[in-house]
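The values are calculated or read from the model by the stated rules, or taken from the named source; none is laboratory data. Only a predicted model underlies this, so the values are computations on that prediction, with no experimental measurement involved. Don't worry about glycine lacking a Cβ; one is built from the backbone with ideal geometry, like all the others, and counts go over all protein chains shown. Heavy atoms of the whole protein, side chains included, go into the accessibility calculation; ligands, DNA and RNA do not. Shrake-Rupley method; radii C 1.70, N 1.55, O 1.52, S 1.80 Å.
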Amino acid sequence: MATLPTAIEVPGWAWETAELRQALRRRDMGAVFRCVQQYSGASQARIGAAIDMAQGRVNEIINGRREVSRLDVYERIADGLDMPDDARHLLGLAASRERRSGGAAFDLAAFPEVVRVYASQASASEEIRQHASDARELDVLAVRGLGLIGLNDSLLRACLPREQGGRGLRVRLLLLDPKSVAIAQRAAEVGESVESLASGVRLAEARLRELTGTCDVQVYRYRMLPTWRVIRTDTTMFVGAFDAGWEGHESACYKVVETPHGPLYRGFRRMVETIIDGAERTV
């Protein structure tokens, strides 16, 4: 019986090169494979055998005709290429299984779910739209949501289907209840009248109601003082914060991705689901 090939040996110093580190941060597996070929001399067939992937698929990834998106495939690649822990962390993965088996407490810094930080929503807008345009699920936790999804020129409006049937997209929009005590608190924080803030919530609801025939639209009203501003597109989140004196779009924007062992993505998603469970659905 033939034995499976051992992991490819890439020189340790190669994982420290700027080119390879940048490719890992971008999760650009085509660039990673090209670097592996350069530094180890491995063929496409050898790479495929090490990571349990057909040589043709490896070729498609190297030439940009296919991308890797599944976490289990990233894990297979990391194991097959014998990535050191630092390289795994750049890719958004936990330490190797061998090092995790001792049961030691995890250092949260070893699970970099925050893969990018933007100064504000404006600097993240292009990437947010790219993710939203391909998403099957879109969750938005906001205050009134007009700048995010309610108005024609808002960040996400153009990403939504406009024809009957759409593309099977589910949209869930969570807005601050205009009848809640929290809306008066939030209005005072940003120097706006309660009436103006409440009317913005109602307008966003009306604009989302227009889309009910094009996709699965759900709008909810929550009653607690807003703290986190979340845009979730499938397995990626863009997270900002609300605070006294600034709106959510003015906050730094953190791109958070789902990883096998990280708590942040799971925690934010659970928070959104919990808010929905206690909210009033209006659309």
Expected vector for the stretch 148-157, Karplus 3J(HN,Hα) from phi with 6.51, -1.76, 1.60 and θ = phi - 60°, integer Hz, x for Gly and Pro, equals 8, 8, x, 9, 4, 9, 6, 4, 9, 4
Anisotropy class of the chain from Cα gyration tensor, a/c 1.5 cut: prolate
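Find out how many positive minus negative residues lie around D153, taking Lys and Arg as positive, Asp and Glu as negative, among other residues whose Cβ is under 14 Å from that of D153.
Numbers: positive: R129, R157, R207; negative: none.
Around D153, the surrounding residues sum to +3.
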Which of V194, S133, Y39 sits farthest toward the positive end of the charge dipole of the chain, with +1 on the Cβ of Lys and Arg and -1 on the Cβ of Asp and Glu? S133
Where does helix 194-209 land angle-wise versus the long Cα axis of the chain, in degrees 0 to 90, nearest 10? 60
With every protein chain left in place, what is the accessible area of K179 in Å² (1.4 Å probe, nearest 10)? 120
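Hey, if we sort V283, V115 by accessible area with the 1.4 Å probe, largest down, what's the order? The partial results should precede the final answer.
Values: V283 25, V115 55 Å².
Descending accessible area places them as V115, V283.
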For the stretch 266-283, in order, what is each residue's ³J(HN,Hα) by Karplus, 6.51 cos²θ - 1.76 cosθ + 1.60 with θ = phi - 60°, in whole Hz (x at glycine and Pro)? 4, x, 5, 5, 4, 4, 4, 5, 5, 4, 4, 4, x, 9, 9, 7, 10, 10
Hey, can you rank 226-232, 141-147 by average C-beta count inside 10 Å, highest first? 141-147, 226-232
Gained length - D234 relative to E189, 0.36 nm times residue gap less alpha-carbon distance: 13.0 nm
Where a ≥ b ≥ c are the square roots of the eigenvalues of the C-alpha gyration tensor, would you call the stretch 138-215 rounded, which needs a/c under 1.5, or, failing that, prolate if a/b is larger than b/c, or oblate? prolate
Once amide H atoms are built 1.01 Å from N in the peptide plane, which residues 5 or more positions from L169, or in another chain, come under 5 Å H to H? D216
Positive end of the dipole of the chain, charges at C-beta (+1 Lys, Arg; -1 Asp, Glu), about the Cα centre: which of H261, M53, P178 has its Cα farthest in that direction? P178
Probe 1.4 Å, all protein chains in place: accessible area of D153 in Å², nearest 10? 130
Once you keep just the Cα pairs under 8 angstrom separated by 6 or more residues, what percentage relative contact order results for the chain? 18
Given the DSSP H assignment, sum -39500 (n - 2.57) over each helix run of at least 4 residues in the chain and divide by its residue total; what's the result at 222 nm in deg cm²/dmol, nearest 500? -11500 deg cm²/dmol
Students sometimes get this wrong: rank R21, R46, R202, R162 by accessible area, probe 1.4 Å, all chains present, largest first. R162, R202, R46, R21
Compare M271, M237 by solvent-accessible area with a 1.4 Å probe and give them largest first, with all protein chains kept in place. M271, M237
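Please say if the stretch 220-263 is rounded, prolate or oblate, where rounded means a/c under 1.5 for a ≥ b ≥ c the square roots of the C-alpha gyration tensor eigenvalues, and otherwise the choice is prolate for a/b larger than b/c and oblate otherwise? List each step's numbers first, then the result.
Details: a/c = 2.35, a/b = 1.63, b/c = 1.45.
Prolate, because a/c is 1.5 or more and a/b exceeds b/c.
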Between helix 121-134 and the chain: long-axis angle, C-alpha atoms, 0 to 90°, nearest 10: 70
In terms of modelled amide H atoms, which long-range or inter-chain residues lie less than 5 Å from the amide H of Y220? L173, L174, L175, T282
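How many percent of DSSP beta bridges within the stretch 116-271 run antiparallel, rounded to 5?
On the way: 18 of 30 bridges.
Expressed as a percentage, antiparallel bridges in the stretch 116-271 total about 60.
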Using only protein heavy atoms and a 1.4 Å probe, report how much of I8 is accessible, in Å² to the nearest 10. 10
Where both residues lie in the chain, what percent of DSSP beta bridges are antiparallel, nearest 5? 65
Let me spell out the model: positive unit charges on the Cβ of Lys and Arg, negative unit charges on the Cβ of Asp and Glu, origin at the Cα centre of the chain. What dipole size does that give, in debye rounded to 20? 520
Which residues' amide hydrogens lie under 5 Å from the amide hydrogen of C253, considering only partners 5 or more residues apart or on another chain, with H built in the peptide plane? Y118, A119, S120
Can you run phi through the Karplus equation (6.51, -1.76, 1.60; θ = phi - 60°) for the stretch 12-27 and list ³J(HN,Hα) in whole Hz, with x for Gly and Pro? x, 5, 5, 5, 9, 5, 4, 4, 6, 5, 5, 5, 5, 4, 7, 6
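Over the stretch 209-283, consider all pairs of different Cα atoms and compute the Kirkwood hydrodynamic radius from their mean reciprocal separation; express it in Å, one decimal.
On the way: mean 1/r = 0.0716 Å⁻¹.
About 14.0 Å for the stretch 209-283.
Could you tell me the calculated FRET efficiency between T17 and R76, based on Cβ-Cβ distance and R0 = 30 angstrom, to the nearest 0.05?
Numbers: r = 23 Å, r/R0 = 0.75.
FRET efficiency, T17 to R76: 0.85.
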